[in-house]
Amino acid sequence: MKNEKTCTICDRPRLEKSYCTFHRTAYENLKRGFKKWKYAYVSITYEDYLLRILTIKETGKWVRDVALHQMKKTELAAKVVSN
């Protein structure tokens, strides 16, 4: 079980929310990137965006970690809503 003061992805100290400095920066970059992709691909969903990001080989480790974590959160939310 993760310590409540560590990143939800790794064991580094977390910031005010759930991520460490590195994963927080990656998360912010993902959010900014999604806005740009949403402008270019009007009907793209956040989940589709994450899937596409994960297929790009140049995607860095921190962004990949956060994208996978976000997808797991989304899948979990979908299960809760469907039950």
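Assess whether residue 81 counts as being at pLDDT 95 or above and aliphatic (A, V, I, L, M). First the steps, then the outcome.
Numbers: at pLDDT 95 or above: no; aliphatic (A, V, I, L, M): yes.
Spelling it out, it is not the case that residue 81 is at pLDDT 95 or above and aliphatic (A, V, I, L, M).
Specify the residue that is surrounded by the most Cβ atoms within 10 Å (Cβ to Cβ); the eligible residues are those in the stretch 55-73 that are under 11 Å from residue 30 (Cβ atoms) and β-branched (Val, Ile, Thr).
Checked the stretch 55-73; the qualifying residue surrounded by the most Cβ atoms within 10 Å (Cβ to Cβ) is 66.
Among the residues of the stretch 28-47, write down those that are part of a helix (DSSP H, G or I) and surrounded by 13 or more Cβ atoms within 10 Å (Cβ to Cβ).
Taking the stretch 28-47 first, the residues part of a helix (DSSP H, G or I) are 28-40, 46-47.
Scanning the stretch 28-47 gives 29, 30, 33, 34, 37, 38, 46, 47.
The values are calculated or read from the model by the stated rules, or taken from the named source; none is laboratory data. Being a predicted model, the structure only gives us computed values, none of them experimental. With ideal geometry, Cβ positions are generated from the backbone for all residues, glycine too; neighbour counts draw on all protein chains shown.
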